[in-house]
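For reference, the structure is listed below as structure tokens.
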Amino acid sequence: RADAGAFPGHEVVATVRLAMGGIPDPLAAYARARRSWRGVFRGGSAAVKALGTFRDDDAFALPASAAGEVARWNDEATWELARRAGYQAERLAWLRLDDSDPRYRRDGVTAETLLLSPMQRRIARVALQPPVFRVLQATGLARSLVSEAAATQSAAGFVCFAPERALDDYAAGRRFYRLWLRTTAAGLALAPMPPLTEHEATHRVVAERAGVP
């Protein structure tokens, strides 16, 4: 516990007291198994069944039959964001496409996580540089480069996380993390699609389609 006065401009939002005993959280065992799957999904009847029985107060499920719509929404939102210079700079700052990068095992999104082959890594290192990406934009090739349609259309279904607006960021983040652990425990793999929430127009469409109040 820190003295609030030691950090001007900050306030204490939580304190922790360690004590013996307690009951382990049953979801803790799945923390190390949780993954963001960036490739094509295997799907199958087991995944469809698991999603069909999934229930959560903060989430709404869309079936695999919505895959075409979701893939289109995600690609449209991704492309609208990818065209922005600030978004491109942020993406490059977090991508780790070279395993010789000292940050490769520390943070960011690695080529390994993205399931990129050695050839795809080399192409991405060149194609995603701003000057090259601008040329690809002009020729129309950049859009296919950032498309995730094939992976999206292979999904067994979709989980729309929609917590109450009254929750603060910490509480919403905690619920999102526990939701992800619960889906992992159910034998499902997830691929987050942040462009769907960051692009306002698409956000509204998804909310309407999912029946989010």
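Taken about its Cα centre, segment 19-141 carries a charge dipole of roughly 480 debye when the Cβ of each Lys and Arg holds +1 and the Cβ of each Asp and Glu holds -1. This model, with +1 at the C-beta of Lys and Arg and -1 at the C-beta of Asp and Glu, gives the chain a dipole about its Cα centre of some 660 debye. Pick the calculated Kirkwood radius over Cα pairs in Å for this structure from (1) 19.1; (2) 19.9; (3) 18.4? So the calculated entry is the one marked (2).
For the pair residue 92 and residue 40, a Förster radius of 30 Å applied to the C-beta separation gives a FRET efficiency near 0.75, rounded to the nearest 0.05.
Segment residue 126..residue 107, full-extension length gain: 4.7 nm, with 0.36 nm per residue of separation and the alpha-carbon distance subtracted. Summed over qualifying helices (DSSP H, 4 residues or more, each -39500 (n - 2.57)) and divided by its residue number, the chain shows a 222 nm mean residue ellipticity of -13000 deg cm²/dmol.
Entry comment: accessible area of the chain is 68 Å² per residue, from protein heavy atoms only and a probe of 1.4 Å. Under a GNM of the chain (C-alpha, springs under 10 Å), which listed residue has the highest mean-square fluctuation: 132, 13, 109? The residue that fluctuates most here is 13. Using Cβ point charges alone (K and R +1, D and E -1), the dipole size of segment 113-213 about the Cα centre works out to roughly 340 debye.
Surface composition of segment 1-154: carbon plus sulfur atoms hold 57% of the accessible area, using a 1.4 angstrom probe and ignoring ligands, DNA and RNA. Between residue 54 and residue 171, the distance separating the two model label sites (each 7 Å from Cα on the Cα→Cβ line) works out to 2.4 nm.
The values are calculated or read from the model by the stated rules, or taken from the named source; none is laboratory data. No experiment lies behind these values; they were computed from the predicted model shown. Glycine gets a Cβ as well: all are built from the backbone with ideal geometry, and neighbour counts include every protein chain shown. Accessible surface is based on the protein model in full, side chains and every heavy atom, while ligands, DNA and RNA are left aside. Shrake-Rupley method; radii C 1.70, N 1.55, O 1.52, S 1.80 Å.
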